[in-house]
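Remarks on the structure that follows.
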Amino acid sequence: MQLQAMHARLGSCNRPFDRLTRQRLVVRSSAVSTSIKQPCSVNLENLGRAEGQTFPLNLYGGKKQSFVGKVVSIERLGGRDKERDVSHIVIDTGGVPFVEGQSFGVQPPGTKLNSRGVEVPQHVRLYSIASSRYGDSGDGKTCTLCVVRVIYPDPATGETVHGLCSNYLCDCKPGDELVMTGPAGTALLLNDNPWNKRIVCVSTGTGIAPFRSFWRRIFFDGINGQASQPFSDNAMFWLLSGFANTDSVLYGDELKAALEANPKHMRLDIALSLEQQNAQGGPEYVQDRIHEHAQEFLDLMASDDAIFYFCGLKRMYSSVLEMLETMGREHRGMDVPALIAQLKKSHRWHVETA
Ligand SMILES: Cc1cc2nc3c(=O)[nH]c(=O)nc-3n(C[C@H](O)[C@H](O)[C@H](O)COP(=O)(O)OP(=O)(O)OC[C@H]3O[C@@H](n4cnc5c(N)ncnc54)[C@H](O)[C@@H]3O)c2cc1C
């Protein structure tokens with residue numbers, strides 16, 4: 001069904017998680033593992049709660065059953081060389097609810113030996129959900145993952161190592177069934193009224209995945225693929241994202257479309273480390289882009305409403321922190337660590353690093 005028709009049919013009050021109340025959810029699952037029963041029935045009374053929001057949390061996995069997701073489509077996103085091979089994978093979850101900023105777990109097939117030499121199932125890997133709660137098809141039946149294929153030389157032997165789960169996912173085909181867990185995570189939850197907030201997101205590489213769920217939610221979830229709520233005058237979604245080069249930028253066309261449709265409420269800064277130079281003539285990283293907007297960034301940090309989100313590698317976040325401290329000293333003698341502690345306390349500073 002066309003997205004437009006789907007939205008018209010659903011209406012805003014008939015959406016999957018908007019209408020999620022204390023109810024029992026039945027999800028059909030076909031068996032790919034003997035530990036998974038079908039159909040599985042999940043009691044949604046134990047919802048997560050944080051910052052005044054209620055959301056589904058850890059409905060599947062751990063001591064509970066996993067669920068089975070079915071690959072609907074897989075598309076390669078940018079990155080000509082294999083090292084930056086990223087896949088956009090749409091998965092039919094049967095309607096497992098989630099909210100923007102959460103992750104799903106995927107359990108790759110096979111077993112491994114644990115530290116006691118006992119054969120155990122492979123452990124679950126987490127992947128940020130890159131679609132809004134309604135999925136890219138708008139019917140709340142799918143989620144989208146954005147997965148980079150992990151390939152690296154073993155530091156000891158120099159042999160090429162292929163990450164198990166990322167390669168499994170990047171090689172999957174439509175119709176393949178995945179053992180999944182979740183939804184997990186409360187660190188990056190999008191504020192429940194982003195149309196009335198100033199939201200600043202900083203990412204590198206596939207750290208952009210949860211922020212795609214944000215911009216899908218903010219700009220595309222309404223009828224005709226438009227914003228589903230009116231924006232307040234100063235509402236803003238500002239994405240600062242770092243990639244190696246133009247070819248490896250993820251979701252560039254979609255970001256451009258969102259920017260063109262919402263110039264008053266969206267800002268985009270992309271740093272390309274192999275193509276652009278910072279003020280010192282070195283590679284331009286996302287923290288350099290923050291530095292170029294230092295005054296504005298610090299003003300937002302000192303404001304009483306802006307909300308900050310960071311997602312990417314740990315070293316990206318430490319470089320950003322270092323840069324913010326430098327900026328604080330350069331600009332106003334601001335005590336940036338104290339300010340961040342305050343922002344964290346008021347739930348306006350969210351970090352997820354891997
Ligand atoms: C909350 C959360 C969200 C995540 N979201 C995403 C996402 O949206 N997209 C995504 O692609 N990934 C995401 N990840 C990472 C993902 O969970 C996996 O860790 C990743 O795909 C690697 O799993 P794998 O099974 O392929 O590799 P494994 O077989 O588990 O191998 C990975 C191991 O290799 C090591 N390693 C990796 N690269 C190198 C290197 N260059 N040199 C030396 N050692 C190395 C790692 O330290 C690790 O021990 C997320 C992680 C977390 C915690």
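Here the 3J(HN,Hα) profile of region 47-54, calculated from phi with Karplus coefficients 6.51, -1.76 and 1.60 at θ = phi - 60°, is 8, x, 9, 7, 6, x, 9, 10 Hz, Gly and Pro shown as x. Lys-Lys pairs in the chain that are eight or more residues apart or on separate chains and whose Cα atoms lie under 15 Å of each other come to 6.
Couplings 3J(HN,Hα) for region 340-346, derived from phi with the Karplus relation 6.51 cos²θ - 1.76 cosθ + 1.60 (θ = phi - 60°), are 5, 4, 5, 5, 5, 4, 8 Hz, where x marks Gly and Pro. Taking trypsin sites (Lys or Arg not before Pro) across region 192-301, the ones in a DSSP loop with at most 16 further Cβ atoms lying within 10 angstrom of their Cβ are LYS264. 3J(HN,Hα) couplings calculated from phi for region 182-193 with the Karplus curve 6.51 cos²θ - 1.76 cosθ + 1.60 (θ = phi - 60°) are, in sequence order, x, x, 10, x, 10, 6, 10, 4, 5, 3, 6, 10 Hz; Gly and Pro show x. Element breakdown for the chain at a 1.4 angstrom probe: carbon and sulfur atoms account for 49% of the accessible area. Scoring 202-210, 235-243, 187-195, 147-155 by mean Cβ neighbours within 10 Å over their residues and listing the highest first yields 202-210, 235-243, 187-195, 147-155. Each helix, a run of at least 4 DSSP H residues, gives -39500 (n - 2.57); summed and divided by the residues of the chain, these come to -6000 deg cm²/dmol at 222 nm.
Amide H to amide H distances under 5 Å link GLY182 with LEU59, TYR60, GLY61, GLY105, where only residues 5 or more positions off or on other chains count and H is placed in the peptide plane. No solvent, one uniform scatterer per C-alpha: report log10 I(q)/I(0) for region 178-281 via the Debye equation at q = 0.24 1/Å, two decimals. Computed log10 I(q)/I(0) values: -1.33.
Per residue, the chain exposes 47 Å² of accessible surface when a 1.4 Å probe is rolled over the protein heavy atoms with every protein chain present.
Under 5 Å between amide hydrogens, built in the peptide plane, is the criterion, and for MET266 it picks out PHE237 among residues at least 5 positions away or on other chains. Exposed loop positions in the chain were taken to be GluC sites (Glu not before Pro) whose DSSP state is not H, G, I, E or B and which have at most 11 other beta-carbon atoms within 10 angstrom. Between these positions, the longest stretch is 160-354.
The values are calculated or read from the model by the stated rules, or taken from the named source; none is laboratory data. The structure presented is a predicted model; accordingly, all values stated were derived computationally and were not measured. With ideal geometry, Cβ positions are generated from the backbone for all residues, glycine too; neighbour counts draw on all protein chains shown. Calculation scope for accessible area: heavy atoms of the full protein, side chains included, ligands and nucleic acids excluded. Shrake-Rupley method; radii C 1.70, N 1.55, O 1.52, S 1.80 Å.
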